[in-house]
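First comes the structure, then the notes that go with it.
The values are calculated or read from the model by the stated rules, or taken from the named source; none is laboratory data. As the structure is a prediction and not an experimental result, all values here were calculated from the model. Cβ coordinates were reconstructed from backbone atoms using ideal geometry, including for glycine residues, and neighbour counts include every protein chain displayed.
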Protein chains: 2
Amino acid sequence: MNLPKKITIHEVGPREGMQFEKGPISTEAKIQLVDMLSECNFPEIEVTSFVSPKWVPQMADAEQVATGFTRKVGTQYTCIYLNTQGAARAIATGRFDLEGWIGTAASQIFSKKNSNRTIEENFVEAERRIVMFKEHNIPLRTVNVIAAFGCNFEGAVDPDKVVLYVDRLMNMANESGASIEYIQLADTMGWANPRSIRDLVGKVQKRWPSQRINLHLHDTRGLGLANVLAAMEMGVDDFDSAVAGLGGCPYGGFKGAAGNIVTEDLVHMCEELGIETGVDLDRLTEVAREAERIVGHPLPGKVMNGGRLEGYRARAQAA
Amino acid sequence: MNLPKKITIHEVGPREGMQFEKGPISTEAKIQLVDMLSECNFPEIEVTSFVSPKWVPQMADAEQVATGFTRKVGTQYTCIYLNTQGAARAIATGRFDLEGWIGTAASQIFSKKNSNRTIEENFVEAERRIVMFKEHNIPLRTVNVIAAFGCNFEGAVDPDKVVLYVDRLMNMANESGASIEYIQLADTMGWANPRSIRDLVGKVQKRWPSQRINLHLHDTRGLGLANVLAAMEMGVDDFDSAVAGLGGCPYGGFKGAAGNIVTEDLVHMCEELGIETGVDLDRLTEVAREAERIVGHPLPGKVMNGGRLEGYRARAQAA
């Protein structure tokens with residue numbers, strides 16, 4: 001097997017999870033979760049979302065969370081925003097290591113539902129954002145396409161269409177003088193499979209051979225880690241994931257965009273395959289159990305219940 | 001990707017699940033589950049276990065379940081037994097399409113815990129069983145090694161040791177005049193990863209190039225479908241799995257042997273990859289939800305909550 005020696009994991013649980021949960025989560029608990037995750041040595045933690053409190057009331061305390069958590073040296077703290085107003089709120093807190101991103105959904109219907117913009121309007125928004133990034137000295141580092149593998153409303157997504165969107169975004173970024181670090185492809189509604197991963201990743205790699213690809217995968221139908229494996233075999237070494245699988249609870253009867261891949265299960269798979277992540281898995285497993293207590297219902301993470309194999313190996317050797 | 005055109009799935013949920021569950025499950029519910037699974041077109045359903053009611057009280061009603069379910073033409077109904085007494089009980093019901101198997105655990109400690117026999121005593125038991133199969137005209141078809149990838153008590157298992165055990169079992173079977181159909185390798189405690197799958201499967205294929213391999217995988221640490229994918233890429237086309245992931249509930253705080261791979265998630269992955277299974281996925285998804293109601297707690301299956309992609313595709317096209 002041809003696998004990367006190390007991968008980078010971006011922990012998105014606090015943002016994805018708290019946005020998704022229906023029940024009330026206290027601001028204190030949100031801050032506690034970020035602080036615990038800070039002990040696990042992630043290179044990046046996505047802390048919160050600056051979105052409209054009218055549409056996402058769970059995120060109305062984004063400013064309090066932003067000012068409440070304790071920053072740890074070595075970790076980059078980031079957040080999500082869907083428009084320039086949101087970005088302005090994030091900047092105003094002065095608490096984030098902001099990097100800019102521009103992007104679009106590959107599905108028209110999902111784009112409207114997610115950001116109330118058409119695909120074409122996403123490119124207009126991208127222009128606005130590029131101006132704002134310059135004003136605030138925020139480096140534009142990422143172009144992304146969400147719903148890049150399929151859409152619950154529109155069905156399959158043509159990978160060539162995704163490449164065209166990436167191309168437009170890359171051109172805009174390049175014209176603005178930005179140095180893009182990542183092309184992010186998000187399987188927002190859990191449509192990817194190992195074959196479609198190879199297909200789309202292959203096309204993007206062919207078009208931009210030296211560009212790093214980040215995959216943001218959801219485990220809606222159980223294919224998450226199989227998809228990671230397929231991607232790693234193609235050299236992809238950068239993934240988003242959520243502690244305990246926060247962001248999706250398969251027991252709520254929801255349909256649609258839910259269920260990030262589980263960070264500790266991803267770290268554990270890498271450990272078993274000899275791939276370095278830098279993440280403290282024992283501490284992370286404790287955090288996963290605490291995340292379950294915070295949300296008050298079972299989360300889909302497996303290793304937090306099944307146990308880390310390194311632990312079993314050590315006990316077996318000691319016995 | 002080089003994948004099989006079709007695979008065979010053996011549904012083991014009724015046996016694995018009912019054996020594992022701590023709460024009382026009525027005999028009627030067990031029968032209902034088997035009957036519902038019979039509507040899904042499985043080539044085989046493992047119905048129950050004839051084991052000591054002293055050690056496994058959940059299986060004390062094996063005879064009632066055996067006589068209670070309705071046989072459907074085209075499905076093979078099987079059961080598990082750990083010794084010749086158990087086999088005799090299964091035979092006495094006259095309700096099963098019995099095929100014989102002989103096997104061992106690859107771990108000494110687990111062998112004692114699982115069957116109260118040492119590894120060497122498993123070979124003695126195999127001799128007894130071969131005699132009994134002949135008496136009852138039961139064809140010996142399978143040799144198996146459980147805990148073939150690792151053991152919570154002994155740690156990693158050397159694949160060459162597994163090959164040696166398979167070799168001894170194959171020799172015994174051949175000397176008895178049996179025609180072995182399957183070499184079954186069971187990852188009883190969820191230790192396998194895609195690399196160790198390739199390693200052990202590769203060694204077994206090299207030694208017995210024309211022998212079919214069955215994999216019995218557990219998803220204890222979330223690697224189940226990634227392991228299936230790795231195996232299918234090596235040509236393995238025969239898998240055990242459990243509806244809804246019966247047999248392991250990641251929310252009971254248990255440790256150890258738990259969590260079969262989820263049948264409907266496996267079928268769905270195959271559907272997305274263009275691999276035929278013959279299983280009725282829509283009906284199976286309903287059965288998975290019913291299995292959750294029967295056991296009274298969430299089960300780990302994903303597709304039963306996330307929804308089959310073919311359904312989304314059809315609705316998107318109709319819209």
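Give the residue that is farthest from the other protein chains (Cβ to nearest Cβ), with candidates limited to residues of the stretch A:284-296 that are in contact (Cβ under 8 Å) with a residue 60 or more places away in the chain and under 16 Å from A:Phe20 (Cβ atoms).
The qualifying residue farthest from the other protein chains (Cβ to nearest Cβ) is A:Ile294.
Among the residues of the stretch B:187-213 satisfying the criterion of being away from every other protein chain (no Cβ under 12 Å) and in a loop (DSSP other than H, G, I, E, B), which is nearest to A:Arg221 (Cα to Cα)?
Applying the filter and picking the extreme gives B:Thr188.
Could you check the stretch A:217-243 and list, in sequence order, the residues that are more than 11 Å from chain B (Cβ to nearest Cβ) and either surrounded by fewer than 23 Cβ atoms within 10 Å (Cβ to Cβ) or farther than 13 Å from A:Asn193 by Cα (or both)? Lay out the reasoning, then the answer.
Of all residues in the stretch A:217-243, those more than 11 Å from chain B (Cβ to nearest Cβ) come to A:217, A:231, A:234-243.
Within the stretch A:217-243, A:Met234, A:Gly235, A:Val236, A:Asp237, A:Asp238, A:Phe239, A:Asp240, A:Ser241, A:Ala242, A:Val243 meet the criteria.
For the structure I just gave you, tell me whether B:Ala148 is of a type in the set (Gly, Ala, Ser), assigned to a strand (DSSP E or B), away from every other protein chain (no Cβ under 14 Å) and within 19 Å of the chain's Cα centre (by Cα). Steps first, answer last, please.
Working: of a type in the set (Gly, Ala, Ser): yes; assigned to a strand (DSSP E or B): no; away from every other protein chain (no Cβ under 14 Å): yes; within 19 Å of the chain's Cα centre (by Cα): yes.
For B:Ala148, the condition - of a type in the set (Gly, Ala, Ser), assigned to a strand (DSSP E or B), away from every other protein chain (no Cβ under 14 Å) and within 19 Å of the chain's Cα centre (by Cα) - is not met.
Take residues that are among the small types (Gly, Ala, Ser) and at pLDDT below 95 and tell me which of the helices (runs of 4 or more DSSP H) falling wholly in the stretch A:214-319 contain 3 or more.
A:309-318
For the stretch A:100-130, name all the residues that are at pLDDT 95 or above and of a type in the set (A, V, I, L, M).
Across the stretch A:100-130, the qualifying residues are A:Ile102, A:Ala105, A:Ala106, A:Ile119, A:Val124, A:Ala126, A:Ile130.
Select from the stretch B:1-42 the residues that are of a type in the set (Asp, Glu) and under 27 Å from B:Ala230 (Cβ atoms) and write down the one among them that is modelled with the highest pLDDT.
Within the stretch B:1-42, the subset of a type in the set (Asp, Glu) is B:11, B:16, B:21, B:28, B:35, B:39.
Restricting the remaining residues to those that are under 27 Å from B:Ala230 (Cβ atoms) gives B:11, B:16.
Details: B:Glu11: 98, B:Glu16: 85.
By that ranking, first place goes to B:Glu11.
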